[in-house]
Amino acid sequence: MKFFLDTARLSDIKYWTDMGLVDGVTTNPSLIAKEEGTFKDIIRDICSVVDGPVSVEATSTDTDGILAEAREFATWSDNIVVKVPFIKEGVRALPFLRDEDIATNTTLIFSAPQALIAMKAGTNYVSPFVGRLDDIGHNGMEVVADIVTMCTTYGFDAEVIVASIRHPLHVVESARMGADIATIPAGVLDKMFMHPLTDKGLAAFLKDWQSVTQ
Ligand code: E4P
């Protein structure tokens, strides 16, 4: 399973990349808005430290505008993936971008039918938002399970990115159901390290070690 980091914060990306845990990065307009600098500089800096795919979101809502943004983003770095919102105008852009070898990540997916349409239209990645579904009382992971089944059953040339992850269990459930990728906020990745028995065990080992003659 691949781990993407769901952030535009370069310091976090460098930290987790150095640990060998980052296979790619996803950004969105809200994450970009939290950082200093121009949009282009932020993305180019991220691409300079990440070998894997870096998702950058188009903000146009018409097909021609999405295509123009995608073609521009693709000139910034070889590893750019263009995030396309799941709207009809966005879906219309997908076959054109596939023909032009510009990779796409269809975002704001909240249902299995939406994912099926995006995969049929040729998206390279499909991003169901589990946390936002859970927030309104739906079961986000059930939607992901359906999408993974559809993707593997029909052999779509697409990968499922579990997005809007809120806690470590979302990552574990994603792995259990065979999702290709989880895009994880740095805070959740940090929580995946935590276990009180690890802390307690280490403290006991270090204490006992003090009585050992060196
Ligand atoms: C990633 O592709 C998404 O934009 C992101 O995971 C959304 O997460 P949020 O629901 O926490 O904003």
Checklist line | About the Cα centre, charge dipole magnitude for the chain (Lys/Arg +1, Asp/Glu -1 at Cβ), debye | finding: 460
Note to self: Considering all projection directions equally, how large on average is the shadow of the alpha-carbon convex hull of the stretch 35-176, in square nanometres?
What the structure shows: 9.0
Checklist line | Length added when fully stretched, residue 62-residue 11, from 0.36 nm per residue minus Cα-Cα | finding: 15.0 nm
Item checked: Ranking by accessible area, most exposed first, for 193, 4, 86 with a 1.4 Å probe -> 193, 86, 4
Check: By how many nm would the segment from residue 132 to residue 38 lengthen if fully extended, with 0.36 nm per residue of separation less the alpha-carbon distance?
Finding: 31.0 nm
Next item on the list: Considering the options 55, 124, 17, tell which one lies farthest towards the positive end of the dipole of the chain, charges being +1 on Lys and Arg and -1 on Asp and Glu at the Cβ, about the Cα centre.
Entry: 17
Note to self: Below 13 Å, Cα to Cα, which aspartates and glutamates can residue 207 reach? Residues fewer than 8 away in the same chain don't count.
What the structure shows: 199
Note to self: At 0.36 nm per residue, and after removing the present C-alpha to C-alpha distance, how many nm does the segment from residue 149 to residue 101 gain when stretched out fully?
What the structure shows: 14.7 nm
Next item on the list: Run the accessible area of the chain with a 1.4 Å probe and give the carbon-and-sulfur part as a rounded percent.
Entry: 54
Next item on the list: Report residue 167's accessible area, 1.4 Å probe, all protein chains in place, as a number in Å² to the nearest 10.
Entry: 70
Note to self: Quick check for you: with a 1.4 Å probe and neighbouring chains kept, what is the accessible area per residue of the chain, in Å²?
What the structure shows: 52
Next item on the list: Take the alpha carbon atoms of the stretch 1-115, find their radius of gyration, then divide it by 2.2 N^0.38 Å using N residues; give the quotient.
Entry: 1.04
Item checked: Largest-first ordering by accessible area, 1.4 Å probe, given options 150, 141, 177 -> 177, 150, 141
Next item on the list: Would you please state which residues of the stretch 45-61 a label at residue 89 would reach in this model, taking the label point 7 Å out along Cα→Cβ and a backbone N cut-off of under 15 Å?
Entry: 58-61
Next item on the list: May I ask you to rank 72, 36, 173 by accessible area, largest first, using a 1.4 Å probe over the protein chains only?
Entry: 36, 72, 173
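The values are calculated or read from the model by the stated rules, or taken from the named source; none is laboratory data. Being a predicted model, the structure only gives us computed values, none of them experimental. Cβ: placed from backbone, ideal geometry, glycine included. Neighbour counts: every protein chain shown. These accessible areas exclude ligands, DNA and RNA; they are computed on the full protein's heavy atoms, side chains included. Shrake-Rupley method; radii C 1.70, N 1.55, O 1.52, S 1.80 Å.
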